[in-house]
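Some notes on the structure that comes next.
The values are calculated or read from the model by the stated rules, or taken from the named source; none is laboratory data. It should be emphasised that the depicted structure is a prediction, and the values quoted were computed from it without experimental measurement. All Cβ positions, glycine included, derive from the backbone under ideal geometry; neighbour counts span all protein chains shown. Heavy atoms of the whole protein, side chains included, go into the accessibility calculation; ligands, DNA and RNA do not. Shrake-Rupley method; radii C 1.70, N 1.55, O 1.52, S 1.80 Å.
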Amino acid sequence: MGAWARPYRAVFRARFHLLVQYRAAALAGFATQCWWGAIKVMVFAAFLRGAVASPMTLREAVDYIWLGQAFLTLLPWTADPELARMVRTGDVAYERLRPLDTYAFWYARAVARRTATPLLRAIPMVLTAGVLLPLAGLGTWGLAGPDGAPAAALFAVSMVICVALSSAFSTLLDTMVVALLSERGVNTIMGPLAIVFSGNLVPLPLLLDWLQPLMRYQPFAGLLDTPFRIYSGHLRGLDAAAALGRQAFWVVALVLVGRLLMGRVMSRLQTQGG
Amino acid sequence: MILVDSLTKSFRVAERAGGALGTITSLVRGRYRTVDALKGVSFALGEGELLGLIGPNGAGKSTTIKILCGILEPTSGTCEVGGLVPWRERVRHVARIGAVFGQRTQLWWDLPVRESFELLRDIYRVPPDRYRARSDELIALLDLDRLLSTPVRQLSLGQRMRCEIAASMLHDPRVLFLDEPTIGLDAVAKLAVRDFVKTLHRERGVTVILTTHDMHDVEALAERVIVIGKGVILADGSLVSLRRGALAERRLWVHLVRDVTAVDIPGAVVRSRQGRSVELAFDPRTTSAHRLIAHIASLFEVEDVHLEEPPIEEVIARFYAQHAVEV
């Protein structure tokens, strides 16, 4: 296992080291996300304050929003720009020259991208919303702690599955880029889908009632909605366990679909420019 | 070592009529044209051979190499490299080969060369001590010492190509595919690449398949040449036999002491004349050089003569023309 995993670990490490160097971009993103987070908190406060029988309390919604801002880049809304470049230039041929399972190879790249980038932004965001705001006496509008130790533990598990799910989505996107020779179409379609159906735009429980069953079973829910609701205690006990199960199911399903697609795409590969 | 049997490969190429109307109709109904890149290519190559694969652009050289590397699947036909079918047993196959595509890069753009090498070490699962010995040797052979800590994007093309070639040999493959490794390089870098390939081949017995447009690469390296055109093999043999078949003539340069009005020598054709320098062409199979020179010397006062073969580029161009290959 150790020897088998060595190349994939090495690729993960190299990508991770590279991506954490983009600190200026992270800082800019952090500033934007603070701003958007503040606006969203105010909007939802206006809606939810004094509302009776709301599917989500203001407290839960505020946590959901801040976590959403912190982990925004965990969403798989774009294909790997580096791989897209390799597809355009034909360098992608070299990826097939490696004695590796190309799916696992690209999945390792995706995991690096879905951990390094969010980590850089999540740390200042959580500190700001969870520590600075309460210190400034604005605790009501800041990020509260998790709903107890079990919730914290389950949240951690759910976040790990979330990274696995997001990486499976990303690898699927990367494979589609190879088939389509351009990342533009994939990114244009995936962006809005990921933002809306992960709950990043509006927390999923606040969407229309008749949409709820649909929202529960679709794959994007496992990206942000599931861990965030576990964090604030909106999902507890059996409900939380079931949500984790759905999350894990989608990881397996997307990996299978991704591998199937990759097999098909690679066998029909044509290389650009001779 | 390498067996290629009637490989064919067809690509589907999207076609569309020009203009706005063409763009719109292509959205509704795509029209495709089939391009046959390879139309039955067969050859066999023994262990330790060095083969030059030449042919005009679009002849099918790169397609052949990519099939042999396991990157592309052929439409029909089979091939085996070291007992493995490249596209069917890709992972095992690619672990045993090295490849350099001159127009692409396998090094990580943002990483220093050394880190790229170490990443390849892990990707090919090379044991640390073997890697150390191997990389030291390659670094010395290709003179990479001062480049190792430079990020790849800051290297010149010649420096990068030396690193690319080293990168392809870190896992000590027995077969090396070089697809236009000297493209765009200056004279010094070309020589460095040729020397290195020669060393690999002579001293380590690595089997090499090389494609190139630079006939000097072929002259310097290849014992055997395969010419591909329009997806079929046009010739397979030594450079000498290729020359004999395509353009056997020799050229004799004569520098005269005095101006002459006309030069007319049986058995030779005047190719060019500039003042007192005359270039003659003759067929060595029918006219002997020695007799030709003696005859000229008896007619004129000669300052200097020299004999040469037509440049290899010209031989190949003639060969393409004879086989009606579009260049």
(Q) Which count do you get for residues in the stretch B:123-137 that are at the interface with chain A (Cβ under 10 Å from one of its Cβ atoms), surrounded by 20 or more Cβ atoms within 10 Å (Cβ to Cβ) and out of contact with any His (no Cβ under 6 Å at 6 or more places or on another chain)? (A) 1
Q. Within the stretch B:63-83, can you find the residues that are open to solvent by 10 Å² or more (accessible area, probe 1.4 Å), within 12 Å of chain A (Cβ to nearest Cβ) and out of contact with any Phe, Trp or Tyr (no Cβ under 8 Å at 6 or more places or on another chain)?
A. B:63, B:75
Q) Failed condition for residue A:26, given (1) open to solvent by less than 40 Å² (accessible area, probe 1.4 Å); (2) of a type in the set (A, V, I, L, M); (3) out of contact with any Lys or Arg (no Cβ under 6 Å at 6 or more places or on another chain); (4) within 24 Å of residue A:227 (Cβ to Cβ), with all others met? A) (3)
Q | Pair list, Cβ < 6 Å and 6+ apart or interchain, from the stretch B:65-79 residues that are over 13 Å from residue B:93 (Cβ atoms) to residues that are of a type in the set (D, E, K, R) and in a strand (DSSP E or B) | A | B:65/B:179; B:74/B:9; B:75/B:9; B:77/B:5; B:78/B:5
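Only helices (runs of 4 or more DSSP H) wholly contained in the stretch B:94-188 count here; list those with 1 or more residues that are under 24 Å from residue A:89 (Cα atoms) and in contact (Cβ under 8 Å) with a residue 40 or more places away in the chain. Quick ask: steps written out before the conclusion?
On the way: elements: B:113-123, B:128-142, B:157-169.
Here the list reads B:113-123, B:157-169.
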Q. Any residue in the stretch A:82-101 that is under 24 Å from the mean Cα position of the chain (by Cα), away from chain B (no Cβ under 14 Å) and of a type in the set (D, E, K, R)?
A. no
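Residues B:263, B:254, B:270: which one is open to solvent by 30 Å² or more (accessible area, probe 1.4 Å) and among the β-branched types (Val, Ile, Thr)?
Details: B:263 fails: open to solvent by 30 Å² or more (accessible area, probe 1.4 Å); B:254 fails: open to solvent by 30 Å² or more (accessible area, probe 1.4 Å).
None of the others qualify; the one that does is B:270.
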Q: Assess whether residue B:61 counts as being more than 17 Å from the chain's Cα centre (by Cα) and over 28 Å from residue A:103 (Cβ atoms).
A: no
Q) Do we find that residue B:236 is touching a residue at least 24 places away in the same chain (Cβ under 8 Å), open to solvent by 50 Å² or more (accessible area, probe 1.4 Å) and closer than 30 Å to residue B:7 by Cα in this structure? A) yes
Q) When you go through A:204, A:165 one by one, which is the residue that is under 12 Å from the mean Cα position of the chain (by Cα), within 17 Å of residue A:244 (Cβ to Cβ) and open to solvent by less than 20 Å² (accessible area, probe 1.4 Å)? A) A:165
Q: Starting from residues that are assigned to a strand (DSSP E or B) and without any contact (Cβ under 8 Å) to a residue 12 or more places away in the chain, keep the ones in the stretch B:257-273 and report whichever is nearest to residue B:303 (Cα to Cα).
A: B:273
